[in-house]
Amino acid sequence: MKTSAELREQEKPPASPRANPGRLGHARGRGPDALRGGAAGPGRVSTGELRERKMAPHGPGSLTTLVRWAAGLLLALGVERALALPEICTQCPGSVQNLSKVALYCKTTRELMLHARCCLNQKGTILGLDLQNCSLEDPGPNFHQAYTTVIIDLQANPLKGDLANTFHGFTQLQTLILPQDVNCPGGINAWNTITSYIDNQICQGQKNLCNNTGDPEMCPENGSCVPDGPGLLQCVCADGFHGYKCMRQGSFSLLMFFGILGSTTLSISILLWGTQRRKAKTS
């Protein structure tokens, strides 16, 4: 029989063998100092050096990643800018032809850029519009977005109808290229020169009708003449005047206007409610 001391000795768990630090370091390619975070031996890498190598950017790889990131950023900015173009610039597919007058104007003027069918400045303002050969019968509902243009090309389009009222507000327009069978809006009185060619007609140099008209009483006494596009003008009331022929003096009373409108609407609503209620009772 075993004594109690022998039984207690037998119940103790076996001691785990202690690994030789030197052998373990050789097995993993590191010395014992590397396991303790100390300096590594010759030809060996410590844990700290491994972390520094992982955190440090690689030369060629990091440059390639940077170039790809910059290209992606420029592409995203380009797409965003393309999406922000006015609808009139993308109304017709394609881009401005290199030999067109719009492209020539845009390339010879500083700080202008060609995007789709438009020539834009750095603020995104349309200064040139090329819609030639777009099969347009009319300029379209978005045409007024280009009211700031200096040059417009509409040749090689089957345009129909009179374009006199199409250019309301185009006060900066100086060159308009139209199909040969379409007249310049406003006629000879609205342009300095009108030149006809075999395939187009060019209207050059918009006139200010307010200076050319011989009727000094065209606008009322308290109004002034303001150009409103080729062959178009409008009379604007002077400061402090409004109403018919600018005869009313003082600012327009919004409080009185909305008061009268509100009271009238309320009276009509009460009257209709009373009549409908009476009909409902009789029925």
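The values are calculated or read from the model by the stated rules, or taken from the named source; none is laboratory data. These figures come from a predicted structure and were not determined experimentally. So basically every Cβ, Gly included, is an ideal-geometry build from the backbone, and we count neighbours across all protein chains shown. Heads up: the accessible areas ignore ligands, DNA and RNA and are worked out on the full protein's heavy atoms, side chains in. Shrake-Rupley method; radii C 1.70, N 1.55, O 1.52, S 1.80 Å.
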(request) Please state which one of 188, 198 is open to solvent by 80 Å² or more (accessible area, probe 1.4 Å), part of a helix (DSSP H, G or I) and out of contact with any helix residue (DSSP H, G or I) (no Cβ under 8 Å at 6 or more places or on another chain). (result) 188
(message) in contact with a strand residue (DSSP E or B) (Cβ under 6 Å, 6 or more places away or on another chain), assigned to a loop (DSSP other than H, G, I, E, B) and either within 30 Å of residue 165 (Cα to Cα) or open to solvent by 100 Å² or more (accessible area, probe 1.4 Å) (or both): which single residue out of 219, 203 fits that description?
(response) 219
(request) Would you check if residue 178 is under 19 Å from residue 100 (Cβ atoms), in a strand (DSSP E or B), in contact with a Leu (Cβ under 7 Å, 6 or more places away or on another chain) and of a type outside the set (D, E, K, R)? (result) yes
(message) For the structure I just gave you, tell me whether residue 127 is open to solvent by 70 Å² or more (accessible area, probe 1.4 Å) and at pLDDT 95 or above.
(response) no
(request) Filter the range 230-274 down to residues that are within 30 Å of residue 162 (Cβ to Cβ) and touching a strand residue (DSSP E or B) at 6+ places or on another chain (Cβ under 8 Å) and give me whichever is most open to solvent (accessible area, probe 1.4 Å). (result) 245
